[in-house]
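> The following block contains the structure, expressed as structure tokens.
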Amino acid sequence: MNNNGTWPPAPRKEPATYPDIVLYPSRWKMALLALGGLLFVLCAPLLWNTGDIFLRVVAVVDVLFFGYCVLFALVRLLSPRPSLVLDQRGITDSASATGAGFIAWEEIAAVGMSSMGANRFLVIIPHDTQAILARQPPFKRKIMAANMGLVGSPVAIPGHTTMPLEEIMRHIQSRLVGA
């Protein structure tokens, strides 16, 4: 019998199911990242040749950081693997070098947008920040902890994917409400 005491019984409400969303990095944005990083790396010798110790330190940091950006972008261009996956279990974030990996829906408290300069980020706010950080290697953990000071969360997904960040946020919000 259903709630009114009649037959047939009321249908049982099943949990919402959503299709998996698999997003890849934008080839155009990765190419721009590689080109921009390469330009900065090529400027490093100019700083080094000044002889100023401070500018030499800047040149070394320049080569290390922007060299890593170039390598990251080239790997993403040559090895197309998903940047972001939304499935029934949660989110898998590998959109940046500091991607958080897998985050279950139950671990997510909220989602929002943030920006630093011209760069926009989708920010995932976990219920337990320390649990997310504890799963990361030490160097990545430090960078993600620094993100907390910049955007309020260790999980900041850049807009390098083929879907606009606002649309990704709507998909995540609907899954959080439907969970």
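The values are calculated or read from the model by the stated rules, or taken from the named source; none is laboratory data. Just so it is clear, the structure is predicted and the values come from calculations on it, not from any experiment. Cβ placement follows ideal geometry from the backbone for every residue including glycine, while neighbour counts extend to all protein chains displayed.
> Go through (1) under 28 Å from VAL22 (Cβ atoms); (2) outside the structural domain of ILE172 (by TED's automatic domain parsing) and name the single condition ILE143 misses.
Result: ILE143 passes all but (2).
> Do we find that LEU122 is modelled with pLDDT of 85 or more, crowded, with 17+ Cβ neighbours inside 10 Å, of a type outside the set (Lys, Arg) and over 17 Å from the mean Cα position of the chain (by Cα) in this structure? Spell out how you get there, then give the answer.
Values: modelled with pLDDT of 85 or more: yes; crowded, with 17+ Cβ neighbours inside 10 Å: yes; of a type outside the set (Lys, Arg): yes; over 17 Å from the mean Cα position of the chain (by Cα): no.
No.
> Output yes when any residue across region 110-118 is within 30 Å of ARG175 (Cα to Cα), modelled with pLDDT under 90, over 15 Å from the mean Cα position of the chain (by Cα) and among the polar types (S, T, N, Q), and no when none is.
Within region 110-118, the subset within 30 Å of ARG175 (Cα to Cα) is 110-118.
Now restrict to residues that are modelled with pLDDT under 90: 114-118.
Narrowing the set further to residues that are over 15 Å from the mean Cα position of the chain (by Cα) leaves 117-118.
From what is left, the residues that are among the polar types (S, T, N, Q) are none.
Scanning region 110-118, I find no residue that is within 30 Å of ARG175 (Cα to Cα), modelled with pLDDT under 90, over 15 Å from the mean Cα position of the chain (by Cα) and among the polar types (S, T, N, Q), so the answer is no.
> It is to be established whether one or more residues within region 99-106 are at pLDDT 90 or above, in a helix (DSSP H, G or I) and surrounded by fewer than 18 Cβ atoms within 10 Å (Cβ to Cβ).
Yes, region 99-106 contains a residue that is at pLDDT 90 or above, in a helix (DSSP H, G or I) and surrounded by fewer than 18 Cβ atoms within 10 Å (Cβ to Cβ).
> With respect to GLN136, is the statement that it is over 15 Å from ALA110 (Cα atoms) and either assigned to a helix (DSSP H, G or I) or not assigned by TED's automatic domain parsing to the domain that holds ALA73 (or both) true? I'd like the intermediate steps shown before the answer.
Values: over 15 Å from ALA110 (Cα atoms): yes; either assigned to a helix (DSSP H, G or I) or not assigned by TED's automatic domain parsing to the domain that holds ALA73 (or both): yes.
Spelling it out, GLN136 is indeed over 15 Å from ALA110 (Cα atoms) and either assigned to a helix (DSSP H, G or I) or not assigned by TED's automatic domain parsing to the domain that holds ALA73 (or both).
> Here is a further query. Those residues that are assigned to a strand (DSSP E or B) and without any contact (Cβ under 8 Å) to a residue 60 or more places away in the chain, I need them from region 87-98; list them, please.
To start, the set of residues in region 87-98 that are assigned to a strand (DSSP E or B) comprises 90-93.
Residues satisfying the conditions are GLY90, THR92.
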